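Asks: A single structure is presented below for examination.
The values are calculated or read from the model by the stated rules, or taken from the named source; none is laboratory data. Keep in mind the model is a prediction, meaning the values are calculated, not measured. Note that we place each Cβ from the backbone using ideal geometry, even for glycine, and neighbour counts take in every protein chain shown.
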Amino acid sequence: MRKLAGYLTGILIGSSSVSTFSWAQTVSQDALGFSAGVQHTYDSNFLRSPEEAEEQITRAGAGIRFNKQISAQKIALSVNASQYRYNERDELDGSAIEGKASWRSQFTSNFSTQLDFLREETPVDKLEFVGKDLVAREDANTRLSLGDSKRFGLILGVHQMDTSHSNDERASMDFQDQDFFSEVRYRFASSWVGLRYREGDRSYETPSLILGDLDFDYRQVELETEWTLTPKTKLTGLVGYFDRAAKSEAANGNDGEGSLASLNLEWAITEKLISELTYRFNQPAIGETSDAPSEVSDTALTFQWQFSPKVKIGFGGSYAELDYEESAVVTERVERNITITPLLVSWSYSEAILVRLSSQWVDRQSPIYQRDYDGYSATLGLAVQF
């Protein structure tokens, strides 16, 4: 859910960022490495309003990574620190710490364990909140897998996600989500399908002054699959059904049933041109974002062209539709978000130096005047590793 919300609202960071973690998969299995990067963004409508207010943002960061394999144990760690500097609004200057860690153990051909942790911290989009606020999300997963080399497999695990805001005014949106899940998976030669059941609860640290207690328990069933249709085509998908039950008797909107879905189709049109079609549908819980849409659906189509061994060119676009139900803080309406990425260029000058240029245009259509806007952004970034 949070990944979907971030995709819809993230114009500044989102697809235009240069990550100092981008080379983690290219280093050797046993490696200690360092990375650093800087990117500069011009945003024509930083405040996301009908009256455009431009801004320039510089993000500088440095990180360290470590990979180690000891027999059947694989360990990977990375940490990155970033500084954000705003040209016109220095009161928004801030810093962020991000990182990830994983520990994979293969005890036998049919028994393995996996621990993963991911921390992301980014400035909030100004459509959601105009003040200074960095949103930190920590996601931890622990899973045990039986039958790894068999047709049928069983996966058991525990998941926990924590979301917190640096601004005290948004403390009512800090929450912890934790669940237990079990999955039965059937594997084909190069494909698989899994049926998963989750049971968990979400607790908000501070009750909302307007909405009250938003805590709820939930049960969720998911059907997920990955198919290699042809040597050039891969399809992944997930459909799910959930049932939420509020923990308090006060009606807070986090009661009831709903569904979610995602579909991703990758097609290698030629050896150098790859296309990706993505569709997502979700019904977020109240309290995940301040504007609280009841339904979110978006479709994206992107292309990546390997222009030369060192240069990749990307372009594409997306269309999102957000439905809002009438409530104490929300006016019933439908908003539409059109995003076009006309150009994204990545230039690997060498194994240690990467230059990236990206651009993006956004048109948000809303019956509420203050939320009806358009704008564009451009980002130039440089990253190095050693």
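Asks: Those residues that are at pLDDT below 95 and more than 25 Å from the chain's Cα centre (by Cα), I need them from the range 272-284; list them, please.
Replies: Selection gives nothing.
Asks: Something else now. Test of understanding: among Ser203, Ser208, which residue is closer than 25 Å to Lys132 by Cα, of a type in the set (Gly, Ala, Ser) and touching a helix residue (DSSP H, G or I) at 6+ places or on another chain (Cβ under 7 Å)?
Replies: Values: Ser203 fails: touching a helix residue (DSSP H, G or I) at 6+ places or on another chain (Cβ under 7 Å).
Of the residues listed, the single one that is closer than 25 Å to Lys132 by Cα, of a type in the set (Gly, Ala, Ser) and touching a helix residue (DSSP H, G or I) at 6+ places or on another chain (Cβ under 7 Å) is Ser208.
Asks: If you check Arg196, Arg170, which single one turns out to be surrounded by 18 or more Cβ atoms within 10 Å (Cβ to Cβ), modelled with pLDDT under 95 and not aliphatic (A, V, I, L, M)?
Replies: Details: Arg196 fails: modelled with pLDDT under 95.
Testing whether each residue is surrounded by 18 or more Cβ atoms within 10 Å (Cβ to Cβ), modelled with pLDDT under 95 and not aliphatic (A, V, I, L, M) leaves just Arg170.
Asks: Check Ser208, Ser166, Ser190 and return the single one that is farther than 23 Å from Val124 by Cβ and of a type in the set (S, T, N, Q).
Replies: Details: Ser208 fails: farther than 23 Å from Val124 by Cβ; Ser166 fails: farther than 23 Å from Val124 by Cβ.
After applying the criteria, what remains is Ser190.
Asks: Within the bounds of the range 107-117, is there any residue that is charged (D, E, K, R) and in contact (Cβ under 8 Å) with a residue 40 or more places away in the chain?
Replies: Within the range 107-117, the subset charged (D, E, K, R) is 116.
From what's left, in contact (Cβ under 8 Å) with a residue 40 or more places away in the chain: none.
Checking the range 107-117: not a single residue is charged (D, E, K, R) and in contact (Cβ under 8 Å) with a residue 40 or more places away in the chain.
Asks: Identify, please: which residue in the range 63-80 is out of contact with any Phe, Trp or Tyr (no Cβ under 6 Å at 6 or more places or on another chain) and surrounded by 16 or more Cβ atoms within 10 Å (Cβ to Cβ) and is, among those, nearest to Glu121 (Cα to Cα)?
Replies: First pass over the range 63-80, keeping only residues out of contact with any Phe, Trp or Tyr (no Cβ under 6 Å at 6 or more places or on another chain): 63, 65-74, 76, 79-80.
Among the residues that remain, those that are also surrounded by 16 or more Cβ atoms within 10 Å (Cβ to Cβ) are: 63, 65, 67, 74, 76, 79-80.
Working: Gly63: 14, Arg65: 18, Asn67: 23, Lys74: 26, Ala76: 20, Val79: 12, Asn80: 10 Å.
The qualifying residue nearest to Glu121 (Cα to Cα) is Asn80.
Asks: May I ask you to list the residues in the range 107-150 that are in contact with a helix residue (DSSP H, G or I) (Cβ under 9 Å, 6 or more places away or on another chain) and small (Gly, Ala, Ser)?
Replies: Passing the criteria: only Gly131.
Asks: In addition: Taking into account only those residues within the range 233-263 that are of a type in the set (S, T, N, Q) and within 18 Å of the chain's Cα centre (by Cα), which is surrounded by the most Cβ atoms within 10 Å (Cβ to Cβ)?
Replies: Ser262
Asks: Oh, and also: What number of residues within the range 163-181 are out of contact with any Gly (no Cβ under 8 Å at 6 or more places or on another chain) and farther than 16 Å from Phe216 by Cα? Can you show your working first?
Replies: Our first condition is that a residue be out of contact with any Gly (no Cβ under 8 Å at 6 or more places or on another chain); within the range 163-181, this holds for 163-165, 168, 170-171, 174, 176.
Checking which are farther than 16 Å from Phe216 by Cα leaves us with 164-165, 168, 170-171.
Number satisfying all stated conditions: 5.
Asks: While we're looking at this one, here's another question. Mind checking which pairs have a first residue in the range 35-47 that is more than 20 Å from Gln385 (Cβ to Cβ) and a second that is crowded, with 24+ Cβ neighbours inside 10 Å, Cβ under 6 Å, 6 or more apart or different chains?
Replies: Sorted first by the residue in the range 35-47, then by its partner, the pairs are Thr41/Thr379.
Asks: Ser346 fails exactly one of the following numbered conditions: (1) touching a strand residue (DSSP E or B) at 6+ places or on another chain (Cβ under 7 Å); (2) under 30 Å from Leu32 (Cβ atoms); (3) not in a strand (DSSP E or B). What is the number of that condition?
Replies: Single failed check for Ser346: (3).
Asks: Sticking with this one: For Asp133, state whether it is in contact with a strand residue (DSSP E or B) (Cβ under 9 Å, 6 or more places away or on another chain) and within 30 Å of Thr236 (Cβ to Cβ).
Replies: Numbers: in contact with a strand residue (DSSP E or B) (Cβ under 9 Å, 6 or more places away or on another chain): yes; within 30 Å of Thr236 (Cβ to Cβ): no.
Judged against the criteria, Asp133 is not a match.
Asks: Across the range 285-328, which residue is modelled with the lowest pLDDT among those that are outside any strand (DSSP E or B) and over 28 Å from Ser164 (Cβ atoms)? Step through it out loud before you land on a result.
Replies: We begin by selecting, within the range 285-328, every residue outside any strand (DSSP E or B); these are 285-294, 309-310, 325-328.
After this cut, where a residue has to be over 28 Å from Ser164 (Cβ atoms) as well, the list is 309-310, 326.
Numbers: Pro309: 95, Lys310: 96, Glu326: 84.
Out of the qualifying residues, it is Glu326.
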